[in-house]
Every structure is written in C-alpha cells, then in structure tokens.
Amino acid sequence: SARQLRWSPIQPESRGGDSNMNLPCKEEFVEMKDIFSVKLKRRRFVGQKKGGVLLGITVFVCLKKENKLKDSAINFNNVSEDHCHSWFRCLKEILNGFPNRPKSLKVFVNPNSHKREATRVYYEQVAPLFKLADIKTDVAVTEYEGHALSLLKECELHSFDGVVCVGGDGSTSEIAHGLLLRAQMDAGRDTDHILSPVRAPLPLGIIPAGSTNVLAHTLHGINHAVTATLHIIMGYIQPVDICTFSSPSKLLRFGFSAMFGFGARTLALAEKHRWMPSNQRRDFAVIKTLASLKPEECELSFLPLKNSLQGSQENVTTKKERLEKSDSKVQWHTIQGHFLNVSIMAIPCLCSMAPRGLAPNTRLNNGSMALIVVRNTSRAEFIKHLKRYASVKNQFNFPFVETYAVQEVKVQPRTKIGCNTEENVYLHATSAEGNYPWNIDGDLMEEASEVHVRVHPQLINLYGVSIDELDDSKAMCSCL
C-alpha cells in the first residue's frame, strides 16, 4: 500500500519432503516513508554495465538508530520480467509522491575544509547515495573564500530543489548568507538595509567536513556524513532561525551565531596561522589568547524576548499585564563594562567539545537569541567557565556570567584611548587598524563600528531533524 510494504518469505522445501520445513514464515514489513530507492536486481558478467539476468528488485531503506541514520538493502527475488517491472513501477510511483524529497541539487564542495577531506567525503560517501536515490547533482568546487557567494548570485536556482554544502561552518554560513542575499535580490529588496528579509528560496543541506561542524552537529545531533546525506535524500525539512548582522550604514551578513571578544580573537589569531594543521592551529590560538587575556570595554543594548511567559502558568491578571506590556513601547536594556566574551546565538551550537551546546537554553526555531555575557574575571575563573562546556554541568553558574533571551542586540565597542604599548599591540594584533574581530559561524568578520544583531524566525529551511525533537522523543521514551 502507499503506507507499507508487507511480505512473507517463502520457506524452501527440504529434499526429503519434511513437512516441518514448510511452516509459514512470519510476515515482515517496512514503512514506505522509510524507503528512498528501488532498483531492478540483475546478475552481470565482469565488465558488463547494462542488461544482465533479472533476479528481482532491491529496496533501499533508511534505518534510524537514535540520531544516526544508515542505508540498508532488502532483496526480493523473482525471475519474472513482468512481475519485477510491475512492482518497480508501482514502488517508484509511491516514492515520487513523497513531498520535499529532492530530485536535483546544487552542491558546493570546499576542498580546503579541515584536513582537505571534503572532496573525498563527497565522492566516497555522499555522491553514491545521491546516485542511488536518482538525484541529479551539479557540483561546484570552490576555489577561494567568497566563491560560493558569487556563484549563488548568478546561479539559476529555479532548476534545483535544494542546495548542499560539503565543508565546515564557515562554508555553510557563506552559502546560507548567499541564499538569503539572493532571495532579497530576486524580491527587489535593498540589500544594504534589510528589516524584514525574504525567506531563502531553497532548503540547505549540510554535509560535515570541517573541524568543528557546529551547524551540522546542532541540526542532526551527530557529526556523521551519511546521516546528513540521508536527511537530504529523505527530504526531512527543519525551519531554522537566522540573524542579520548590520552596521549603522549597511547589512554585513546573515548568520546563525556570533562571538565578540575571546571567541573572536581566538579565531582571528588562528586565521593568521592557516599553515598549521587545524587541530594544532585551534589549540595554539586558544592558549595564546588565554595567555594575553584582556577584556573589551563596550556597551551592550538588548531587547528582551517578549511573551516569554507560558500560557498554562498565566492567570487572567498576568495575561492582561503581558498584553499591555507587548503593546507598550519597546523597552531596551543597556549594560556597560569590561567583557571577556559576548556570545549571540540563535541556535544551540552543539559540537564534540560542547555536547550540551554553547547556548543550550535556546532552540532552532523559537524566534529568540541567547545573549551570553562573560564579565571581566581572573584567567583561572574564566578557564573554569570554558571547561564547563565539555561537561553536563551548568557552564553559566558563575557570578561573572549573565544570560538573556533576546530579540535584538547592539554591541558598541569603546575605543581605548591612552592605553600603553602592550595594550595597543594586543588590541590590533589580530585585526586591521581600528577594527574589532567578530566570529560569525566560524568565519572572521572585522568591523569598527556598532553591530546590530536581529533574529528572524524560521527564515531558512535546513535538511535535518531538529535536535529539539530528538530530545523530546528521548524524554517520551523515558516516560514510557
């Protein structure tokens, strides 16, 4: 049926005619929604590419084990040409009826990601599955930073069902930025000043091939190329929030997360040592930045998340007060001081080094950002805070760490005047004169003026199953 494929295996007769061998076998089944391909099964001679003796059909199934996916084959033997072709056409017709499953993809491969493994990952693990699922691909191998962005501005996107990035967080962020920028251009919007962006025209698939793969890990709950590929093939769509980063004069870029201060300076220093292996480069940059740890003096203005009260916990008076508050003028909050790190994240940002996420209290599509402010403290206390990310403990349970759920944030650095030579060297060692580094999804951005960050709910679709859903399903299983 359109919902299930059921069958009963045929038990072969014994040579002696033993009736015990002819007992009916248990009926088996597979859900049609878990099938992603069907092929005619043939026996071919060595070197023979077409034709061959028809043996039956093979159904390819996507199996789930917790948050990991894998492909499996089920063989149905039948030597009748008519039977096999009839079943093949019937199954193909049902499979073609599933929504969101792509038939044509634009693929971007960054050959310089991490240990330069992206090309091998794509052609050995990803491309064979796309071919098995009869998905046509147009592959572009990027040659320099910004190459994917320039290609997206000119690409005929209407001929594709989705876009795929094989690379790290920087490559994925660049392509997401390009997709959204292209959407604004196609809608005739001014790309310098965007208050209400247009949604991305196509879903984006992320194949992890970088060093940390925060975006892929957050989306799939695991850093696994085959799992990511099968999410794309099966057409699992997850709406995700994304942010705009703007200066007072123009849009700087779209992105999912950002860090200012320690996280940004670490990335800026790592970028200056690209000749080192990725893991060594990261460790070197962290240690070096910790050794010269200094706070940034800045002013943070933020708009707290509205309607944060849960409806089930509200009484009539509380609801009235909430409605009156939502109708009143926007109330901005401002904090000033010396901050070691400022994180602004619209997604939880999971990775192997932070299994609970850099911002575990946010979600993929709840229309808010997590603002995490680390005020000036001793190096030892700051290191304790960083180490907590690798554990299940609350990494924010420190007097110098503040967290907020926000809709908008403005970060205004205070330029240091009259500082000594050592501070000047620190201030400009990793950025252009007068500019402050920002870490946007693992990509370096430098900006001298105020940066205004806004979250835009469900502005882009990504191929994957929300980690929130996985957590909910685990909670449900434990309750049962």
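The values are calculated or read from the model by the stated rules, or taken from the named source; none is laboratory data. These numbers come from a predicted model, not from an experiment. Here the Cβ positions follow ideal geometry from the backbone for every residue, glycine too, while neighbour counts run over all protein chains shown. When the accessible area is computed, the model is the full protein with side chains, heavy atoms only, and any ligands, DNA or RNA have been set aside. Shrake-Rupley method; radii C 1.70, N 1.55, O 1.52, S 1.80 Å.
Laid out as a table, the results:
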{"quantity": "Using θ = phi - 60° and Karplus 6.51 cos²θ - 1.76 cosθ + 1.60, couplings along segment 210-216 (whole Hz; Gly, Pro as x)", "calculated": "x, 8, 10, 6, 4, 5, 5"}
{"quantity": "Listed residues Y144, Y436 arranged by accessible area, highest first, probe 1.4 Å", "calculated": "Y144, Y436"}
{"quantity": "Scattering profile of segment 329-412 at q = 0.16, 0.23 Å⁻¹ [log10 I(q)/I(0), Debye over alpha-carbon scatterers]", "calculated": "-0.65, -1.21"}
{"quantity": "Cβ-derived FRET efficiency at R0 45 Å, E31 paired with K288, nearest 0.05", "calculated": "0.30"}
{"quantity": "Accessible area in the full protein assembly, largest first, 1.4 Å probe, for R182, R274", "calculated": "R274, R182"}
{"quantity": "Note, ³J(HN,Hα) from phi for segment 277-294, Karplus 6.51, -1.76, 1.60, rounded to Hz, x at Gly and Pro", "calculated": "x, 4, 5, 5, 4, 5, 5, 4, 5, 5, 5, 5, 5, 5, 5, 10, 4, 9"}
{"quantity": "Scattering curve values for segment 1-152, log₁₀ I(q)/I(0), Debye with Cα scatterers, q = 0.11 Å⁻¹", "calculated": "-0.64"}
{"quantity": "Added length on full extension, which subtracts the Cα-Cα distance from 0.36 nm per residue, E117 to T403", "calculated": "99.3 nm"}
{"quantity": "For peptides 340-348, 221-229, sequence by mean Cβ density within 10 Å, most packed first", "calculated": "340-348, 221-229"}
{"quantity": "Among the listed pairs K39/K65; K68/K306; K26/K103, those beyond 27 Å (Cα-Cα)", "calculated": "K68/K306; K26/K103"}
{"quantity": "Most to least packed among 78-87, 157-166, 195-204 [average Cβ atoms within 10 Å]", "calculated": "157-166, 195-204, 78-87"}
{"quantity": "Volume per residue of the C-alpha convex hull in segment 214-299, rounded to whole Å³", "calculated": "166"}
{"quantity": "5 angstrom amide H check on L462, placed H, neighbours 5+ away", "calculated": "L204, Q238, V240"}
{"quantity": "Value of D in µm² per second that Stokes-Einstein yields for segment 39-114, Kirkwood Rh from Cα pairs, at 4 °C (1.567 mPa s)", "calculated": "83"}
{"quantity": "Probe 1.4 Å, accessible area per residue of segment 373-413, Å²", "calculated": "52"}
{"quantity": "Distance cut-off 22 Å, percentage of C-alpha pairs in segment 90-244 lying past it", "calculated": "40"}
{"quantity": "3J(HN,Hα) from dihedral phi, segment 169-175, Karplus parametrisation 6.51/-1.76/1.60, rounded to Hz, x for glycine, proline", "calculated": "5, x, 5, 5, 5, 4, 6"}
{"quantity": "Carbon and sulfur %, accessible surface of segment 118-261 computed with the full protein complex present, 1.4 Å", "calculated": "50"}
{"quantity": "Antiparallel DSSP beta bridges within segment 51-171, percent to nearest 5", "calculated": "50"}
